[in-house]
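Take a look at the structure set out below.
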Amino acid sequence: MLWVPLVTGLAIVMVVVQAQLREINKPWAVLASTAFVIVIVLTVLPQLAQVTSVLNSLYSRAGVDSFYMGPVLKAIAIAYVTSFGAEICRDADENAMAVAVELAGKIVILVIALPVLEAILAAVLAIIG
């Protein structure tokens, strides 16, 4: 819980630094922003182990096959990485690149979801007859 105020405080400091840096050298401002986000993600990354543990517990209690958990976690990870990449592109005023990154993320999520959709449709068709 204490991570949120720390990250928020660091982000505010970084915004001020970046505003100054953007006037001097915009590419360095984008790199500084990217580095900041990477450091924050690496700092908070150990918390994901706890999330994965809770999700595993929920899946097993609900009787859901682990076949479904992998694609769900992959889709969540891809959504976060895609969002991060698109925002970095937007920060560099490259909106077309941001849209391309988002499109690529959506397509990859769709590809990951295909086996799950296939299993669901097979189950529905088996029930229908």
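The values are calculated or read from the model by the stated rules, or taken from the named source; none is laboratory data. Please read these numbers as outputs of a predicted model, since none were measured by experiment. Neighbour counts run over all protein chains shown; Cβ positions are idealised from the backbone, glycine included.
Values as computed for the structure displayed
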read-out	value
Subset tally (residues that are of a type in the set (A, V, I, L, M) and free of Cβ contacts under 8 Å to residues at least 24 places away in the same chain) for region 73-123	21
Complete set of residues in region 77-109 that are loosely packed, with under 14 Cβ neighbours inside 10 Å, among the aliphatic types (A, V, I, L, M) and under 26 Å from residue 45 (Cβ atoms)	77, 107
Residue identified as part of a helix (DSSP H, G or I), at pLDDT below 85 and out of contact with any Asp or Glu (no Cβ under 8 Å at 6 or more places or on another chain) among 17, 41	41
Selection status of residue 5, outside the structural domain of residue 98 (by TED's automatic domain parsing), surrounded by fewer than 14 Cβ atoms within 10 Å (Cβ to Cβ) and closer than 19 Å to residue 101 by Cβ	no
Test: residue in region 35-46 that is touching a residue at least 12 places away in the same chain (Cβ under 8 Å) and either over 19 Å from residue 89 (Cβ atoms) or among the hydroxyl-bearing types (Ser, Thr, Tyr) (or both)	yes
So residue 98, is it small (Gly, Ala, Ser), in a helix (DSSP H, G or I) and closer than 21 Å to residue 28 by Cβ	yes
